[in-house]
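*Asks:* Below: one structure in structure tokens.
The values are calculated or read from the model by the stated rules, or taken from the named source; none is laboratory data. Everything numeric in this text was worked out from a predicted model, so none of it was measured. Note that we place each Cβ from the backbone using ideal geometry, even for glycine, and neighbour counts take in every protein chain shown. Quick note on the areas: whole protein, heavy atoms, side chains included, nothing else; ligands and nucleic acids left out. Shrake-Rupley method; radii C 1.70, N 1.55, O 1.52, S 1.80 Å.
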Amino acid sequence: MKKRPAWIVSLVTWPIVLLIAFPLLWMLITSIKPAAELFSTSPTLLPKAITFEHYARVLQDTPFLQYFANSMILATSTTVVVISISVLGAYSLVRFAYPGRETLASLVLFTYLLPSVVLISPLYLMLVSIGLANTLASLVIAYTSFALPYALWLLRSFMAGIPQDLESAAMVDGASRMGAFIDVVLPQALPGIISTALFTFILAWNEYLYALVLVNSDEARPLTTGVMTMLISAFNIEWSLLMAASVLMSVPLIIIFAFFQRHLTSGFGAGGVKG
Amino acid sequence: MVQVVFEKVSKAYGDTVAIPGLDLMIESGEFVSLLGPSGCGKSTTLRMLAGLEQPTSGNIRIGDRDVVNLAPAARDIAMVFQSYALYPHMTVAENICYPLKKRGVAKADRAIKLAEVAALLQLEPLLARKPGQLSGGQQQRVALGRALVREPSVFLLDEPLSNLDASLRAHMRAELIELHRRLGKTMVYVTHDQLEAMTMSSRIAVMRAGELQQFAPPDEIYNRPANVFVAGFIGTPAMALADGSLADGGGHLVVHVGPLAVALPYAAAARPAAVTVGIRPEDVLVGEGPWQAQVRLVEPTGYETIVALDAGGLALTARVPGSKALRVGETVPFDLRRERIHLFDKSDGRRWKPAGR
Ligand SMILES: Nc1ncnc2c1ncn2[C@@H]1O[C@H](COP(=O)(O)OP(=O)(O)OP(=O)(O)O)[C@@H](O)[C@H]1O
Ligand SMILES: [Mg+2]
């Protein structure tokens, strides 16, 4: 294939990038425009005056920080739970021989194929019956139930790529099976674990539907539903506050992405090819 | 002293039987090669000895301990894997020190051991590198180093040279021989390269389909193969094998093979009805002799020439010194070294020893 000149590539990519980035840009701009400017009949791209009053109001006058803390706890616990289970589960699926192993693996994937709406009612009833309704724990369980299958599959393909000889060598060298797992398998699977953790964290951070149905108290509400309910009412949408809150919501993900981007792309790439 | 014992060891993977029943005794300090074609169960045997695979039945002893129920870590062995299995995320130094670390050797002592091994294998300039930054030969030396650092009672090596190019392989072969001589440790070496087995071993265990065919020193394996399989498997170019029969030629034994009737210097006492006759290429003497053969193929290798011959339907291979001017299609006279003709009983394939030999 002949290599295309760089300027043609740029000509194609940049409009696409702008198209995708525009709503984000608009969000950012709206959040720092004075409210008066917002509904001007001739909207301008760049604000005439810059203000951070919306941010101050979101942080001081609303339960935003409570929701933020809830989301943090929720996403972190879900990630910890999902990673702990899926790392061990994927290892078992790859290394141990037991009847029904392949069936189990496909069944796990099958649950991932069901639309999440289908599972909401049964899950809700189950959570009520074990007394967890309306708690963060109920959301952790719900998110785990649909993040886990994908995590298992992603990690399974990663672990399948780790040569078994490495573990054998570690065991001959004096490690127990668990020791070999910790010394050799975990470091080798680290890129996969990081990308799976990111995937789970993002999923839990952004989830809306389950949060809406399973939780309806401010103590347990995460950001997604919290911000919506506090700023959107039947009569009025507080656009400036909404946009400021949205920017604040995005910040953790952007920071995490910036840190782990390399792992994320290589991780999804490898998992995709082998899976 | 006996070091390693396999007693009626069998191994099945589900329905496939990899090893039907193996008996093997390895002396202390020996260099034993497990040699055989691909899939004959060499690695399985080694892995059972290492504790990475559980035998289906039978017993394995190392020294005076039964090890079948011991974890690999408790067996006092070290193993070099065919794939080297170096830990990719550790440096060369960390790789070599890992077995010591796992056995709780103090840090200062580890450093001393590392320095010793690094000097022995000339690894000093590489210690800070990761395995991914090493050549195949260097990786192999690191894998050896990781095994040597601990001074176990038995070394297990699974085709450690098979990933190397020819010249490096010859070099490492010499180094391994030297290493074994210096350390005097028991080594069990898996290979399907007969040159490696012949040059390095004190004894060779020839295997086929999980069964031990012969367990003997290299010269005996070569000069007195126990059966037709060993005869055909050992030696390049391979021994010519053909069906024949034995007869009494006025007191001494005559073997009829193809159109040839070869009088052998043995008494014609009790003899099997049908035999397989084996003739090594170096025992076919081209140039003069009582028989005639047509040249089918000439392969000069420089030092000698390999010649495929057709003696009236009997296919023979001959080694001729130098690059003798033989032409394909030409008819040449030849003779055989009669006392070196191998005879195998056709009914069971075993070597048949004429009386008085
Ligand atoms: N995990 C396994 N499951 C099923 N069969 C196996 C397994 N490992 C080995 N086998 C079978 O056991 C037999 C012996 O295998 P083994 O690996 O010991 O052969 P090998 O002599 O080392 O061959 P090679 O020279 O190719 O390495 C083969 O027929 C192989 O197919
Ligand atoms: Mg093998």
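*Asks:* State the number of residues belonging to the stretch B:80-103 that are part of a loop (DSSP other than H, G, I, E, B) and more than 9 Å from chain A (Cβ to nearest Cβ).
*Replies:* Start the filter on the stretch B:80-103 by keeping residues that are part of a loop (DSSP other than H, G, I, E, B), which leaves B:81-91, B:103.
Now narrow it down to the ones that are more than 9 Å from chain A (Cβ to nearest Cβ): B:91.
Looking only at that region, the number is 1.
*Asks:* Any residue in the stretch A:86-107 that's open to solvent by less than 80 Å² (accessible area, probe 1.4 Å): show its pairings with residues that are charged (D, E, K, R) and in a helix (DSSP H, G or I) at Cβ separation under 8 Å, as long as the two are six or more apart or on different chains.
*Replies:* Here the result reads A:A90/A:R156; A:L93/A:R101; A:L93/A:R156; A:V94/A:R156; A:R95/A:E167; A:A105/A:R156, each pair linking the stretch A:86-107 to a residue that is charged (D, E, K, R) and in a helix (DSSP H, G or I).
*Asks:* Okay, moving on. Going through the stretch B:145-154 one residue at a time, which ones are open to solvent by less than 10 Å² (accessible area, probe 1.4 Å) and in a helix (DSSP H, G or I)?
*Replies:* Of all residues in the stretch B:145-154, those open to solvent by less than 10 Å² (accessible area, probe 1.4 Å) come to B:145-147, B:149, B:152, B:154.
If the condition is that a residue be open to solvent by less than 10 Å² (accessible area, probe 1.4 Å) and in a helix (DSSP H, G or I), then B:G145, B:R146, B:A147 are the ones that fit.
*Asks:* Then there's this: In the list B:H171, B:H192, B:H252, B:H256, which residue meets the criterion of being open to solvent by 40 Å² or more (accessible area, probe 1.4 Å) and within 16 Å of ligand 2 (Cβ to nearest atom)? Please lay out each step first, then the result.
*Replies:* Working: B:H171 fails: within 16 Å of ligand 2 (Cβ to nearest atom); B:H252 fails: within 16 Å of ligand 2 (Cβ to nearest atom); B:H256 fails: within 16 Å of ligand 2 (Cβ to nearest atom).
Of B:H171, B:H192, B:H252, B:H256, the one residue that is open to solvent by 40 Å² or more (accessible area, probe 1.4 Å) and within 16 Å of ligand 2 (Cβ to nearest atom) is B:H192.
*Asks:* Among (1) part of a helix (DSSP H, G or I); (2) within 14 Å of chain B (Cβ to nearest Cβ); (3) at pLDDT 90 or above, where does A:A175 come up short?
*Replies:* Among (1) part of a helix (DSSP H, G or I); (2) within 14 Å of chain B (Cβ to nearest Cβ); (3) at pLDDT 90 or above, the lone unmet condition for A:A175 is (1).
*Asks:* Mind counting the residues in the stretch B:221-237 that are open to solvent by 20 Å² or more (accessible area, probe 1.4 Å) and in contact with a Lys or Arg (Cβ under 9 Å, 6 or more places away or on another chain)? If you could, list the steps in order and put the result at the bottom.
*Replies:* Of all residues in the stretch B:221-237, those open to solvent by 20 Å² or more (accessible area, probe 1.4 Å) come to B:222-224, B:226-229, B:232-233, B:236-237.
Filter again for in contact with a Lys or Arg (Cβ under 9 Å, 6 or more places away or on another chain), leaving B:222-224, B:226-229, B:233, B:237.
Within the stretch B:221-237, residues that are open to solvent by 20 Å² or more (accessible area, probe 1.4 Å) and in contact with a Lys or Arg (Cβ under 9 Å, 6 or more places away or on another chain) number 9.
*Asks:* Would a scan of the stretch B:341-355 turn up a residue that is in contact (Cβ under 8 Å) with a residue 60 or more places away in the chain, open to solvent by 40 Å² or more (accessible area, probe 1.4 Å) and aromatic (F, W, Y)?
*Replies:* Checked against the condition, which is being in contact (Cβ under 8 Å) with a residue 60 or more places away in the chain, open to solvent by 40 Å² or more (accessible area, probe 1.4 Å) and aromatic (F, W, Y), the stretch B:341-355 yields at least one hit.
*Asks:* Could you list, in sequence order, the residues of the stretch B:61-89 that are among the hydrophobic types (A, V, I, L, M, F, W, C) and open to solvent by less than 20 Å² (accessible area, probe 1.4 Å)?
*Replies:* Those that are among the hydrophobic types (A, V, I, L, M, F, W, C) and open to solvent by less than 20 Å² (accessible area, probe 1.4 Å): B:I62, B:V67, B:I77, B:A78, B:M79, B:V80, B:F81, B:A85, B:L86.
*Asks:* Also: Mind checking which residues of the stretch B:142-168 are more than 16 Å from ligand 2 (Cβ to nearest atom), over 20 Å from B:P88 (Cα atoms) and touching a residue at least 60 places away in the same chain (Cβ under 8 Å)?
*Replies:* Selection gives B:R150, B:P152, B:S153, B:V154, B:F155.
*Asks:* Of everything in the stretch B:34-62, what is more than 14 Å from chain A (Cβ to nearest Cβ), out of contact with any Asp or Glu (no Cβ under 7 Å at 6 or more places or on another chain) and not in a loop (DSSP other than H, G, I, E, B)? Give them in sequence order. Talk me through it step by step, then tell me what you get.
*Replies:* Taking the stretch B:34-62 and keeping what is more than 14 Å from chain A (Cβ to nearest Cβ), we get B:34-42, B:45, B:55-61.
Checking the rest, the ones that are also out of contact with any Asp or Glu (no Cβ under 7 Å at 6 or more places or on another chain) come to B:34-42, B:45, B:55-57, B:60-61.
Of everything in the stretch B:34-62, those that are more than 14 Å from chain A (Cβ to nearest Cβ), out of contact with any Asp or Glu (no Cβ under 7 Å at 6 or more places or on another chain) and not in a loop (DSSP other than H, G, I, E, B) turn out to be B:L34, B:L35, B:K42, B:T45, B:S57, B:I60, B:R61.
Conditions tested, residue by residue: (1) more than 17 Å from the chain's Cα centre (by Cα); (2) closer than 30 Å to A:D218 by Cβ; (3) at pLDDT below 85; (4) assigned by TED's automatic domain parsing to the domain that holds A:I232.
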position: A:I20; (1), (2), (3), (4): yes, no, no, no
position: A:L25; (1), (2), (3), (4): yes, no, no, no
position: A:L28; (1), (2), (3), (4): yes, yes, no, no
position: A:S31; (1), (2), (3), (4): yes, yes, no, no
position: A:A35; (1), (2), (3), (4): yes, yes, yes, no
position: A:S40; (1), (2), (3), (4): yes, no, yes, no
position: A:P43; (1), (2), (3), (4): yes, no, yes, no
position: A:L46; (1), (2), (3), (4): yes, no, yes, no
position: A:V82; (1), (2), (3), (4): no, yes, no, yes
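*Asks:* So for the stretch A:197-215 (the condition being part of a loop (DSSP other than H, G, I, E, B), more than 14 Å from chain B (Cβ to nearest Cβ) and under 14 Å from the mean Cα position of the chain (by Cα)), does at least one residue qualify?
*Replies:* Start the filter on the stretch A:197-215 by keeping residues that are part of a loop (DSSP other than H, G, I, E, B), which leaves A:207-208, A:215.
The next check asks that each one be more than 14 Å from chain B (Cβ to nearest Cβ); those that pass are A:207-208, A:215.
Now narrow it down to the ones that are under 14 Å from the mean Cα position of the chain (by Cα): A:207-208.
Within the stretch A:197-215, one or more residues are part of a loop (DSSP other than H, G, I, E, B), more than 14 Å from chain B (Cβ to nearest Cβ) and under 14 Å from the mean Cα position of the chain (by Cα).
*Asks:* Further, regarding this structure: Picking from A:A180, A:A170, which residue would you name as being in contact with a Phe, Trp or Tyr (Cβ under 8 Å, 6 or more places away or on another chain) and more than 7 Å from chain B (Cβ to nearest Cβ)?
*Replies:* Only one candidate qualifies: A:A170.
*Asks:* Is it the case that B:G51 is in the same structural domain as B:I177 (by TED's automatic domain parsing) and touching a strand residue (DSSP E or B) at 6+ places or on another chain (Cβ under 7 Å)? Lay out the reasoning, then the answer.
*Replies:* Values: in the same structural domain as B:I177 (by TED's automatic domain parsing): yes; touching a strand residue (DSSP E or B) at 6+ places or on another chain (Cβ under 7 Å): no.
When the stated conditions are applied, B:G51 does not pass them.
*Asks:* Please enumerate the residues belonging to the stretch B:5-17 that are touching a helix residue (DSSP H, G or I) at 6+ places or on another chain (Cβ under 7 Å) and at pLDDT below 95. Write out each step before concluding.
*Replies:* Step one: list which residues in the stretch B:5-17 are touching a helix residue (DSSP H, G or I) at 6+ places or on another chain (Cβ under 7 Å), which gives B:9, B:11.
Answer for the stretch B:5-17, where residues must be touching a helix residue (DSSP H, G or I) at 6+ places or on another chain (Cβ under 7 Å) and at pLDDT below 95: there is none.
*Asks:* Can you tell me which residue among B:P37, B:P20, B:P55 is under 18 Å from the mean Cα position of the chain (by Cα) and either within 14 Å of ligand 1 (Cβ to nearest atom) or of a type in the set (D, E, K, R) (or both)? Full working, then the answer.
*Replies:* Numbers: B:P20 fails: under 18 Å from the mean Cα position of the chain (by Cα); B:P55 fails: under 18 Å from the mean Cα position of the chain (by Cα).
Among B:P37, B:P20, B:P55, only B:P37 is under 18 Å from the mean Cα position of the chain (by Cα) and either within 14 Å of ligand 1 (Cβ to nearest atom) or of a type in the set (D, E, K, R) (or both).
*Asks:* Considering the stretch B:304-340 alone, what residues qualify as being farther than 21 Å from B:P259 by Cβ and either open to solvent by less than 20 Å² (accessible area, probe 1.4 Å) or assigned to a strand (DSSP E or B) (or both)?
*Replies:* B:E304, B:T305, B:I306, B:R319, B:V320, B:P321
*Asks:* Still on this structure: For the stretch B:90-103, which positions are open to solvent by less than 40 Å² (accessible area, probe 1.4 Å) and either among the hydroxyl-bearing types (S, T, Y) or without any contact (Cβ under 8 Å) to a residue 12 or more places away in the chain (or both)?
*Replies:* Quick first cut of the stretch B:90-103, residues open to solvent by less than 40 Å² (accessible area, probe 1.4 Å) only: B:90-93, B:95-100.
Result: B:T91, B:Y98.
*Asks:* When only residues in the stretch B:270-285 that are in a strand (DSSP E or B) and open to solvent by 20 Å² or more (accessible area, probe 1.4 Å) count, which is modelled with the lowest pLDDT? First the steps, then the outcome.
*Replies:* So the first thing to find is which residues in the stretch B:270-285 are in a strand (DSSP E or B), and the list is B:274-279, B:284-285.
Applying the additional criterion that residues be open to solvent by 20 Å² or more (accessible area, probe 1.4 Å) yields B:274, B:285.
Values: B:A274: 91, B:L285: 94.
Applying the filter and picking the extreme gives B:A274.
*Asks:* Also, quick follow-up: Which one of the conditions (1) within 14 Å of chain A (Cβ to nearest Cβ); (2) within 16 Å of ligand 2 (Cβ to nearest atom); (3) under 29 Å from B:Q214 (Cβ atoms) does B:I77 fail to meet, given that it meets all the rest?
*Replies:* (2)
*Asks:* When only residues in the stretch B:1-35 that are polar (S, T, N, Q) and within 16 Å of ligand 2 (Cβ to nearest atom) count, which is least open to solvent (accessible area, probe 1.4 Å)?
*Replies:* Residues of the stretch B:1-35 polar (S, T, N, Q): B:3, B:10, B:16, B:28, B:33.
Then keep just the ones that are within 16 Å of ligand 2 (Cβ to nearest atom); that gives B:16, B:33.
Working: B:T16: 92, B:S33: 0 Å².
Taking the candidates together, the pick is B:S33.
*Asks:* Would you mind finding the one in B:M200, B:M187 that is more than 16 Å from ligand 2 (Cβ to nearest atom), open to solvent by less than 40 Å² (accessible area, probe 1.4 Å), outside the structural domain of B:A293 (by TED's automatic domain parsing) and touching a His at 6+ places or on another chain (Cβ under 6 Å)? Explain how you work it out, then say what you get.
*Replies:* On the way: B:M200 fails: touching a His at 6+ places or on another chain (Cβ under 6 Å).
After ruling out the rest, the residue left standing is B:M187.
*Asks:* Write out, first by first residue and then by second, each pair whose Cβ atoms fall under 8 Å of each other, whose residues are 6+ apart or on separate chains, and whose first residue, in the stretch B:182-205, is within 16 Å of ligand 1 (Cβ to nearest atom) and among the small types (G, A, S) while the second is open to solvent by less than 50 Å² (accessible area, probe 1.4 Å) and part of a helix (DSSP H, G or I).
*Replies:* These pairs meet every condition: B:A197/B:P218.
*Asks:* To continue, here is another question. Taking the residues in the stretch A:140-167 that are part of a loop (DSSP other than H, G, I, E, B) and open to solvent by 40 Å² or more (accessible area, probe 1.4 Å) as candidates, determine which candidate is nearest to the other protein chains (Cβ to nearest Cβ).
*Replies:* Filtering the stretch A:140-167 for residues part of a loop (DSSP other than H, G, I, E, B) gives A:161-163.
Next cut, open to solvent by 40 Å² or more (accessible area, probe 1.4 Å) only: A:161, A:163.
Working: A:G161: 12, A:P163: 6 Å.
The selected residue is A:P163.
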